[in-house]
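For reference, the structure discussed in these notes is given below.
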Amino acid sequence: MNDRHTAAETTTAPTPETELDALRTELDRVDRALLDDVRDRLALCARIAEIKRRHNIAVLQPGRMQAVHSRAQDYAHRNGLSGDFVEALYTLLIGEACRLEDDIVAAAGADAGPRPARSGDPQI
């Protein structure tokens, strides 16, 4: 009997549980980063809302919303993601941003409320 074994011969393959645990740990890291990015996006939206409030700019900016959706769809197509998924995701993100902006503008006591968007208005 030969007592000489290489490391490869004595190492066993990882179990499915070990592989899943490693991937789930990585997924948890990605989820934390994703939520951090959503938090950061909403913080920027809050800063935008303050500018809109100060300058009496309407929260809803359809041109800007369309540009964001278009950019997201382009990204989806270039990266093999479902366009429907990305559309739904950005509908949620934009909806939350609008809710946050509405709350900020309302809490600041905007008496007459924001004016309707007009052609040529800044698209913030």
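The values are calculated or read from the model by the stated rules, or taken from the named source; none is laboratory data. Everything numeric in this text was worked out from a predicted model, so none of it was measured. With ligands, DNA and RNA removed, areas are computed over all heavy atoms of the protein, side chains included. Shrake-Rupley method; radii C 1.70, N 1.55, O 1.52, S 1.80 Å.
Between Asp103 and Ala33, full extension at 0.36 nm per residue minus the direct alpha carbon distance yields a gain of 22.6 nm.
Our summary of shape: the Cα atoms of region 49-94 have principal axis extents of 41, 16, 14 Å, ordered from largest down, in whole angstrom.
When the Cα atoms of region 28-74 are aligned to their principal axes, the ranges along those axes come out at 41, 25, 9 Å in descending order.
Largest first, what is the accessible-area ranking of Leu35, Leu60, Leu93 with a 1.4 Å probe?
Details: Leu35 120, Leu60 95, Leu93 30 Å².
If we order Leu35, Leu60, Leu93 from most to least accessible, we get Leu35, Leu60, Leu93.
Accessible surface for His55 stands near 110 Å², nearest 10, in the context of the full protein assembly shown (1.4 Å probe).
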